[in-house]
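The structure that follows is given in the form of structure tokens.
The values are calculated or read from the model by the stated rules, or taken from the named source; none is laboratory data. As the structure is a computational prediction, the values presented were derived from the model and not from experiment. So basically every Cβ, Gly included, is an ideal-geometry build from the backbone, and we count neighbours across all protein chains shown.
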Amino acid sequence: MFLLRIKHIPVLLYAILAISCGMMDLRQVGLIVEPDKTDSLLPEIYSPVILKFDTEMIKSDAEGILQISSDYGVMNGDRIWQDNDLYFIPTSGWTAGVRYTLSLLGTIRAVDGRDLRLEHFVSFYAINKNSPPLLQWHYPLTGASIGTNNLVFEFKFSRSMDKHTVESALTIDGISSKNFEWSDDDKTLKVFPEKPLSPWLLYRWNLKDSAKSADGVPLPKAYSGFFITDADQTLPVVTSVHPVQFEDGSWYPTGANIETGLRNSQGIAVCFNKPMGDNVLRSLRFEPSLSGRTEMLSENSIVYIFTRDPEPEIVYTLIVSGDTRDAEGLKTGEDFRINFIPDIPFIKVMSLSAYDRSVLENSFDNSIAVLNDFSMTNEFPVYVDPATGEVFFSIYFSLSFSSVEEKISNAQKITLVPFFPRTLSPVALQQVYWISNDRLFMRWEGLRAGDDDGANYYKLTIPGGNGGISSGTGYYMKEDLIIYLEAI
């Protein structure tokens, strides 16, 4: 026993001597942490976490062991010293309702050489401890089959939400332009796309966890879903094409077929099996080209209104483009074609009579073109009054002219001029009289009958084509009719 005391006397004396000479400080480094209790609440978005030391510390050591994290990851922040106090201020601020954990793990040193070993953890909140909002319901439901028009997205939350953060956090594939509408104390959000969706596509939506409630608490997780725009499985097709007549402010079917039944001043109706989209108004074209415009007759039919009637005796092709879309955006897929010949006859001269004697007879089935070539073997004699040089004749047309303006205009277009020999004097029109709507009486004077020295010929021209004989209802003569009259 004695030997044990003698043995430890040098050690004890050394320790007393070291302390008395100031060589070692055995006091523990003091530290106060704010916040210091579990589930404490920091009042502001930038409220600092503070480590208060009672002595000067090696700053890099103290800064290195300080770490704050949450379910969203490690927090970034500024570490600032005031005397012996270390402040941590979050770069982007605290988020309300999020549970943070302050970790102090490791050994740090004071400037005077003392060590402080720490293993300290404390959880805390900032701003408030409110529970996070939840997305309770959404439309369309995940995997739903829907249409493309008038779609309204709806999202219902458990708590009132911050509009800006929710709208910024929501993305819907393929929809860049949309309008938002909030209701139910900002718990329900409706989203209206500005344009219809495309058919038969899979769309996805995402709501990031950056969306927050009105008091700043974020969603606990991100939400997502998808849907398919395949509710409509019926492709659009052309069901009928037929002539229509405009009466009393509306277009009515004529009952005729399009192949041979289209008449002047009529339009063409094209009907489909379902409601069509706006691009149907740009879907029609004709070969050869015809000018006009397209208007909607109903949700599933259109009418093409001609600027000018189609030409008679020409085969036209009406084409409905394969890119024509219905109201859901589905295409017809291939061009629809149908041929037609307008039932629009040319005006023809049926007969020409002088002094009750038929000079020329011409039916609908005969071509009048043969009369355009003068031949001395084709003589059409007319009697001329030797005293006055008058000749009387009437022209019978295949169609009627109803208005006074039409009758006056067409009569003025008909000419009679000397043809052979060139020495013949000019003639003059003395009288014009419409016996009926389709028969024109004309009296000319100044003609001279032929004699033994030779025959005298006069050229009668009834003009056709543009600027020729025509009616206000769109009928006209195909070409000029030229008749060579021998004065006898």
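Within region 421-463, track down each residue that is touching a Lys or Arg at 6+ places or on another chain (Cβ under 6 Å), under 26 Å from residue 348 (Cβ atoms) and in contact (Cβ under 8 Å) with a residue 24 or more places away in the chain.
434, 463
If we scan region 291-303, do we find a residue that is touching a Gly at 6+ places or on another chain (Cβ under 8 Å), of a type in the set (Asp, Glu) and touching a residue at least 24 places away in the same chain (Cβ under 8 Å)?
no
May I pose another question? Return the pair list, or none, for Cβ contacts closer than 8 Å from residues in region 73-92 that are farther than 16 Å from residue 30 by Cα to residues that are surrounded by 15 or more Cβ atoms within 10 Å (Cβ to Cβ) and of a type in the set (Asp, Glu), at least 6 apart or on different chains.
79/63
Still on this structure, please answer the following. How many of the residues making up region 44-72 are surrounded by 13 or more Cβ atoms within 10 Å (Cβ to Cβ) and without any contact (Cβ under 8 Å) to a residue 40 or more places away in the chain?
Result for region 44-72: 9.
Scan region 253-283 for residues that are part of a loop (DSSP other than H, G, I, E, B), hydrophobic (A, V, I, L, M, F, W, C) and out of contact with any Ser or Thr (no Cβ under 9 Å at 6 or more places or on another chain) and jot them down.
Once the filter is applied, which keeps residues that are part of a loop (DSSP other than H, G, I, E, B), hydrophobic (A, V, I, L, M, F, W, C) and out of contact with any Ser or Thr (no Cβ under 9 Å at 6 or more places or on another chain), region 253-283 yields only 256.
Could you list, in sequence order, the residues of region 233-252 that are of a type in the set (A, V, I, L, M, F, W, C) and either in a strand (DSSP E or B) or on the phi > 0 side of the Ramachandran plot (or both)? Please lay out each step first, then the result.
From region 233-252, those of a type in the set (A, V, I, L, M, F, W, C) are 235, 237-238, 241, 244, 246, 251; that's our starting set.
Across region 233-252, the qualifying residues are 238, 241, 244, 246, 251.
Taking region 280-290 as the region of interest, how many residues are touching a residue at least 24 places away in the same chain (Cβ under 8 Å) and surrounded by 12 or more Cβ atoms within 10 Å (Cβ to Cβ)?
7
Name the single residue that is nearest to residue 175 (Cα to Cα) among those in region 115-159 being in contact with a Gly (Cβ under 8 Å, 6 or more places away or on another chain) and of a type in the set (Lys, Arg).
129
So, one more: Where residues in region 175-232 are in a strand (DSSP E or B) and free of Cβ contacts under 8 Å to residues at least 12 places away in the same chain, which of them is farthest from residue 125 (Cα to Cα)?
181
Can residue 78 be described as exposed (fewer than 12 other Cβ atoms within 10 Å of the Cβ) and over 30 Å from residue 159 (Cα atoms)?
So residue 78 passes the test.
Does residue 432 fit the bill of being touching a Gly at 6+ places or on another chain (Cβ under 6 Å) and among the β-branched types (Val, Ile, Thr)?
no
Residues in region 452-488 that are basic (Lys, Arg) and assigned to a loop (DSSP other than H, G, I, E, B): how many?
Summing the residues that are basic (Lys, Arg) and assigned to a loop (DSSP other than H, G, I, E, B) in region 452-488 gives 1.
It is to be established whether one or more residues within region 309-327 are within 30 Å of residue 232 (Cα to Cα) and modelled with pLDDT under 95.
Taking every residue of region 309-327 in turn, at least one turns out to be within 30 Å of residue 232 (Cα to Cα) and modelled with pLDDT under 95.
Please find, among 308, 293, the residue that is on the phi < 0 side of the Ramachandran plot and assigned to a loop (DSSP other than H, G, I, E, B).
308
Just to be sure, is residue 411 in a helix (DSSP H, G or I) and either hydrophobic (A, V, I, L, M, F, W, C) or within 22 Å of residue 486 (Cα to Cα) (or both)?
For residue 411, the condition - in a helix (DSSP H, G or I) and either hydrophobic (A, V, I, L, M, F, W, C) or within 22 Å of residue 486 (Cα to Cα) (or both) - is met.
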